[in-house]
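Okay, structure first, notes after.
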Amino acid sequence: QMQLVESGGGLVQAGGSLRLSCAASRSIGSIARMAWYRQAPGKQRERVAVIWSESSTNYADSVKGRFTISKDNAKNTVYLQMNSLKPEDTAVYYCYAVITLRQYWGQGTQVTVSS
């Protein structure tokens, strides 16, 4: 079992920045894949960024060059640095992890970008 707790969401103006954190209840160093997803009202949940155990990363085209996913294994925390935010980035952001084919989700944190 593992719990994921997101924090760092809020209201920001377009062009601003936020850093989301995802604190895990267990060690994340050996977790094969962790990711950030988001879901806007009326839209499907989409993957924003993923980080693998060896710290390689991948991003959705819509956030490339603006968002950065990283992790601190010593703190059992995954981060999502979001820069140059746009109104279309408004969504609930979820932390996600897969451990031996079992999926874990956080409760989500709201990000609202005003124009």
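The values are calculated or read from the model by the stated rules, or taken from the named source; none is laboratory data. Computed from a prediction, not measured in an experiment: that's the story for all the values here. Don't worry about glycine lacking a Cβ; one is built from the backbone with ideal geometry, like all the others, and counts go over all protein chains shown. Each accessible area value is taken on the protein alone, full model and side chains, heavy atoms only, with ligands, DNA and RNA left out. Shrake-Rupley method; radii C 1.70, N 1.55, O 1.52, S 1.80 Å.
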For this session: Can you tell me which residue among GLN81, GLN107, GLN44, GLN1 is under 13 Å from the mean Cα position of the chain (by Cα) and in a loop (DSSP other than H, G, I, E, B)?
Result: GLN107
Exercise. Within segment 91-101, is even one residue open to solvent by less than 50 Å² (accessible area, probe 1.4 Å) and either closer than 20 Å to GLY15 by Cβ or outside any strand (DSSP E or B) (or both)?
Worked result: yes
Exercise. Within the set of pairs 6+ apart or on separate chains, which have a first residue in segment 91-115 that is under 17 Å from TYR79 (Cβ atoms), a second that is β-branched (Val, Ile, Thr) and outside any strand (DSSP E or B), and C-beta atoms under 6 Å apart?
Worked result: ALA97/ILE31
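Residue by residue, here is whether (1) on the phi > 0 side of the Ramachandran plot; (2) surrounded by 12 or more Cβ atoms within 10 Å (Cβ to Cβ); (3) charged (D, E, K, R) holds:
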{"position": "MET2", "(1), (2), (3)": "no, yes, no"}
{"position": "GLY16", "(1), (2), (3)": "no, yes, no"}
{"position": "LEU20", "(1), (2), (3)": "no, yes, no"}
{"position": "GLY29", "(1), (2), (3)": "no, no, no"}
{"position": "ARG38", "(1), (2), (3)": "no, yes, yes"}
{"position": "SER55", "(1), (2), (3)": "yes, no, no"}
{"position": "LYS64", "(1), (2), (3)": "no, no, yes"}
{"position": "ILE69", "(1), (2), (3)": "no, yes, no"}
{"position": "GLN81", "(1), (2), (3)": "no, yes, no"}
